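Asker: Got a structure here, written out as structure tokens. Questions coming.
Just so you know, all these numbers are worked out from the coordinates, no wet-lab data involved. Just so you know, these numbers come straight off a predicted model, no measurement behind them. Note that we place each Cβ from the backbone using ideal geometry, even for glycine, and neighbour counts take in every protein chain shown.
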């Protein structure tokens with residue numbers, strides 16, 4: 001049985017005011033949760049179904065995908081129009097530029113942004129990331145804007161370095177990620193070697209313990225009580241206890257380089273902020 005909807009709700013949503021509210025609610029939901037957030041079309045579909053908006057507007061997956069494409073085009077059109085309008089009376093400004101490439105599925109996107117304001121100047125799908133391609137993307141992004149890139153920040157790729165020094169002739173800075181990576185490279189390799197050595201020691205102890213336990217079992221078969229064990233059998237038992245203590249101590253030695261390596265790699269992964277050279 002279909003749920004009964006309050007007649008007053010039906011009257012409201014079928015009125016011009018209700019239709020306007022539904023329109024604004026749909027746009028706001030798409031903008032906040034889909035365009036700016038991480039919610040996909042299936043999530044929006046489920047949400048609209050739960051609040052029963054689907055009784056008044058189309059909320060199928062295909063309908064929402066069509067709406068999403070329309071919004072994408074309108075956002076791009078609005079952005080271009082606003083950039084052209086605001087650029088007409090824009091006072092000159094020197095800005096830094098941060099460049100990087102991003103890979104989504106099988107496509108490469110070249111990105112240029114002002115790291116101070118967070119304004120993305122370019123998100124351009126390209127097949128190459130050489131200096132010539134970067135220069136084309138940069139010039140297209142700055143067209144009509146009364147700005148001058150005074151310095152660039154990026155990784156040490158040859159295309160970015162050549163763009164900075166040869167084409168734009170500005171100062172080049174490295175992002176913190178790559179600087180930190182160079183600093184920690186020596187330490188992480190040392191920790192990795194230490195970890196490998198300690199793990200090898202642990203494997204040797206485990207192998208020895210299995211051998212000792214087999215020998216101890218053979219000694220037990222020769223007696224009816226533990227007290228009757230020979231001196232050699234007792235020594236084997238003692239060695240098993242010693243090995244277990246060594247295993248516990250060695251396991252602690254395994255944990256600390258693992259923790260340090262994880263912390264260093266975590267810092268590398270989260271340290272994407274640029275280091276801005278002095279001008």
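Asker: Provide 50, 113, 108 in ascending order of the number of other Cβ atoms located within 10 Å of each residue's Cβ, fewest first.
Answerer: 50, 108, 113
Asker: Going by C-beta contacts inside 10 Å, put 31, 77 in order with the fewest on the left.
Answerer: 77, 31
Asker: So for the range 92-174, averaging the separation of alpha carbon pairs under 8 Å that are six or more residues apart and normalising by length, what relative contact order in percent results?
Answerer: Computed value for the range 92-174: 30 percent relative contact order.
Asker: Let me ask another. Among 245, 93, 209, which comes first, then next, by fewest other beta-carbon atoms within 10 Å?
Answerer: Starting with the residue having the fewest Cβ neighbours, the order is 245, 93, 209.
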